[in-house]
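Heads up, the thing below is written out as structure tokens.
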Amino acid sequence: MIVTTRELFEHAYGQYAVGAYNINNLEQAMGLFRGNLGKLESTGQDVDPAVAAPFIIQISRGARGYTDKRMLEALIRAAEEVFPEAIFAVHLDHGTEEACYDCIESGFYSSVMIDASHESFEENVAITRRVVERAHAAGISVEAELGMLGGVEEDIEVSEEHACLTDPDEAVTFVEQTGCDSLAVAIGTSHGAYKFQGGQGLHFDRIEQIAQRLPGFPLVMHGSSSVPREWVDRINAAGGEMPGASGVPEEHYLPAAKLGVTKVNIDTDGRLVWCAVHRESFRDKPADFDLRTPGKVFMGAYAEFIAHKNQKLGSAGQLESLRAALAVTA
Ligand code: G3H
Ligand code: 13P
Ligand code: ZN
């Protein structure tokens, strides 16, 4: 069941973080739904209430253009039928103004992100405000971004020295002036597989300062992949070259969630799982040319990975409580 992002946030705020996972293709979609429901090969369970979690599917502009946006949307509609127990939201990740309007008008999305964080404060406010007006008129919520993360996102690359943390006072003014529903904050993370190369970590003090000034307001942490050592080692052992890759320690997710980080964005980690599984398959089965061989392994591995992430986010086991809460307000 597709729900509004607002409904997910109301249930999660201050308790746990909702995992927001990017997808691009069928195998990712299958692994994502299985993992979020606890349908795992390791346990042989059908739906496991102790594991099952609400989640957000994120679609980036890159993902929309990879094949055709209608292919991804159809995939998600089909998954909703195949997995009727799932409760999730569909979100545009790092949208331009134009992409936001396209998603708002499609009637398919639960929420959009307008990312005008590379503009001046005033321009960011103006653009975000325009998107908020259009989105709210259609009953869709808006995530905006203030501050600048390092790393690569879509076609923009920001070096760590040019990244800047979100200013807590500016955040208050920004939320007041734009009417946005959640805010992506720069708190030390960056996109991709090489985080904290300057030696710095997650700025909990900054999260706390922003959350104190915006009580009850959902904050979003981008660049949240943990870049697990295990997966990087497997990639490197199978011919990959990812020296020095590192990410956000998974133990940081829940403390951040308790402070008000309600959505945690994870894309890179899923790509690492995909890369390791496919490299190993080609290495270990050189005569096999069936795309379903690594595909099957990947779907199972991705499901396990998602279930593990949700444990760390605190969203695992929350699905039935959310379902009950939604039934009360329905
Ligand atoms: O923040 C960026 C996300 O990881 C999406 O990446 O634009 O390559 O799909 P993408
Ligand atoms: P990662 O690169 O850490 O997975 O971040 C993903 C993200 O922020 C998507 O918006
Ligand atoms: Zn992001």
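At a glance:
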{"quantity": "Qualifying residue in the range 164-174 (condition: modelled with pLDDT under 95, over 23 Å from Phe305 (Cβ atoms) and either part of a loop (DSSP other than H, G, I, E, B) or more than 13 Å from ligand 2 (Cβ to nearest atom) (or both))", "calculated": "yes"}
{"quantity": "Residue in the range 282-293 that is in contact (Cβ under 8 Å) with a residue 40 or more places away in the chain and touching a helix residue (DSSP H, G or I) at 6+ places or on another chain (Cβ under 7 Å) present", "calculated": "no"}
{"quantity": "Filtered residue count, the range 271-330, keeping only those that are out of contact with any Gly (no Cβ under 8 Å at 6 or more places or on another chain), aromatic (Phe, Trp, Tyr) and in a helix (DSSP H, G or I)", "calculated": "2"}
{"quantity": "Answer from Ala20, Ala52 - the residue that is more than 16 Å from ligand 3 (Cβ to nearest atom) and either within 13 Å of the chain's Cα centre (by Cα) or under 17 Å from Lys312 (Cα atoms) (or both)", "calculated": "Ala52"}
{"quantity": "Number of positions in the range 77-117 that are closer than 21 Å to Ala12 by Cβ and of a type in the set (Val, Ile, Thr)", "calculated": "3"}
{"quantity": "Lone unmet requirement of (1) within 20 Å of His11 (Cα to Cα); (2) in contact (Cβ under 8 Å) with a residue 40 or more places away in the chain for Ile57", "calculated": "(2)"}
{"quantity": "Residue match in the range 219-240 (condition: surrounded by fewer than 17 Cβ atoms within 10 Å (Cβ to Cβ), of a type in the set (Asp, Glu), assigned to a helix (DSSP H, G or I) and over 20 Å from the mean Cα position of the chain (by Cα))", "calculated": "yes"}
{"quantity": "Count of residues meeting criterion [away from ligand 1 (no atom under 16 Å from the Cβ), more than 17 Å from Thr262 (Cα to Cα) and small (Gly, Ala, Ser)] in the range 162-217", "calculated": "4"}
{"quantity": "Meets criteria (within 16 Å of ligand 3 (Cβ to nearest atom) and among the basic types (Lys, Arg)) for Arg130", "calculated": "no"}
{"quantity": "Within the range 48-66, tally of residues that are surrounded by 16 or more Cβ atoms within 10 Å (Cβ to Cβ), farther than 19 Å from Trp274 by Cβ and touching a Gly at 6+ places or on another chain (Cβ under 6 Å)", "calculated": "3"}
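The values are calculated or read from the model by the stated rules, or taken from the named source; none is laboratory data. Just so you know, these numbers come straight off a predicted model, no measurement behind them. With ideal geometry, Cβ positions are generated from the backbone for all residues, glycine too; neighbour counts draw on all protein chains shown.
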